[in-house]
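Undergrad: There's a structure below that I have some questions on.
Each reported figure results from applying straightforward, stated rules to the coordinates on display, with no laboratory input. Please read all numbers here as calculations on a predicted model, not as lab measurements. Backbone-built Cβ (ideal geometry, glycine too); neighbour counts: all protein chains shown.
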Amino acid sequence: MPGKLKVKIVAGRHLPVMDRASDLTDAFVEVKFGNTTFKTDVYLKSLNPQWNSEWFKFEVDDEDLQDEPLQITVLDHDTYSANDAIGKVYIDIDPLLYSEAATVISGWFPIYDTIHGIRGEINVVVKVDLFNDLNRFRQSSCGVKFFCTTSIPKCYRAVIIHGFVEELVVNEDPEYQWIDRIRTPRASNEARQRLISLMSGELQRKIGLKVLEMRGNAVVGYLQCFDLEGESGLVVRAIGTACTLDKLSSPAAFLPACNSPSKEMKE
């Protein structure tokens, strides 16, 4: 199910001072998905920049939308030296990939740096347009809902409980690769952070494929566990219960039943 990912960078607030001479910041934003990167204009001398960028558009497959996070990097522009990193935001696109989902993700997101912590906020708008694809050999599991709760959500009813599902993903830990010896601590932390996000998306997609094979449409009690096993690498495990759920059309259908007053009470 190929689609189009659209991203708009609106504004930032409470950014850190990056230029000690002016006590201000010349901030701009890089928006990356997969191997494609867009940049906003540089907003000069402000800790609360107003970029109001154009819509950045990525042509993508839904498999990539499930595996890849949207990566937003906020930087301080330097004319005579390398640009300084302020922080990053990773946005999971998966909540937009099923029919009953919201059509947009928008709001203020904390800008996080693995060395300095939270460094302000950024206002982002994200939309996804999906196109129908009848290819039964596709490797995405778009449409499968994931619930961390151990019971059926109140606005749904269980039609079939298919059974237990589990999956495992293993990858090399970036901190044990030879290049880590020459990377900065920030670059090393970000490499691991990005890999964990990718593994989480891949694992959820594979669980979803198993649910589709069982003719289900949801996972209840979904749980992911991460293990750092040294030179053996990063291990991510997931478990859950595959179900077929129907959404209840009327709110009254999932409210607790109310017993009518007895004849004696009326009298």
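Undergrad: So what is the calculated 222 nm ellipticity per residue for the chain, using -39500 (n - 2.57) for each DSSP H run with n of 4 or more, over all residues, to the nearest 500 deg cm²/dmol?
TA: Computed ellipticity for the chain at 222 nm equals -4500 deg cm²/dmol.
Undergrad: Still on this structure, I have one more. Charges on Cβ only, +1 for Lys and Arg, -1 for Asp and Glu, centred on the Cα centroid of the chain; of T103, M18, V169, which one is farthest towards the dipole's positive end?
TA: With unit charges placed on the Cβ atoms, the residue in question is T103.
Undergrad: Further question on the same structure: So which trypsin sites (Lys or Arg not before Pro) in region 28-110 end up in coil per DSSP with only 16 or fewer other C-beta atoms within 10 Å?
TA: Here the trypsin sites (Lys or Arg not before Pro) that fit, given the DSSP loop and packing criteria, are K45.
Undergrad: Quick one: 3J(HN,Hα) in Hz for region 34-45, Karplus 6.51/-1.76/1.60 with θ = phi - 60°, rounded, Gly and Pro as x.
TA: Rounded to whole hertz, the list is x, 9, 10, 10, 10, 10, 7, 5, 7, 9, 6, 6.
Undergrad: State, to one decimal in nm, how far the label point of L248 lies from the label point of I161, with both points 7 Å from Cα in the Cβ direction.
TA: 1.8 nm
Undergrad: Also: Pairing the Cα long axis of helix 185-213 with the longest principal axis of the chain, what angle in degrees results, from 0 to 90 and rounded to the nearest 10?
TA: With both axes taken from Cα atoms, the answer is about 20 degrees.
Undergrad: Let me ask another. Packing-wise, with mean Cβ within 10 Å as the measure, how do 8-20, 103-115 rank, highest first?
TA: With the highest mean Cβ count within 10 Å placed first, the list reads 8-20, 103-115.
Undergrad: Additional query: Per the Debye formula with a single identical scatterer at each Cα and no solvent contribution, what log10 I(q)/I(0) holds for region 2-130 at q = 0.12, 0.13, 0.14 Å⁻¹?
TA: -0.45, -0.53, -0.60
Undergrad: Let me ask something additional. With Rg and Dmax of the Cα atoms in Å as the read-out, I listed [x] 22.7, 89; [y] 17.0, 52; [z] 23.8, 105; which label goes with the value calculated from this structure?
TA: [x]
Undergrad: Roughly speaking, what is the stretch gain from C148 to K6, that is 0.36 nm per residue apart minus the C-alpha to C-alpha distance, in nm to one decimal? Write out the running numbers ahead of the final one.
TA: Numbers: separation 142, 0.36 × 142 = 51.12 nm, distance 2.80 nm.
Length gained between C148 and K6: 48.3 nm.
Undergrad: Also, I was wondering about something else. Using DSSP, restrict attention to beta bridges with both residues in the chain and report what percent are antiparallel, rounded to the nearest 5.
TA: Percentage antiparallel, nearest 5: 95.
Undergrad: Follow-up question, since we're still on this one. Quick one: of K4/K206; K127/K154; K39/K247; K4/K210; K206/K247; K154/K210, which pairs are farther than 30 Å apart, Cα to Cα?
TA: Violating the 30 Å limit, Cα to Cα: K39/K247.
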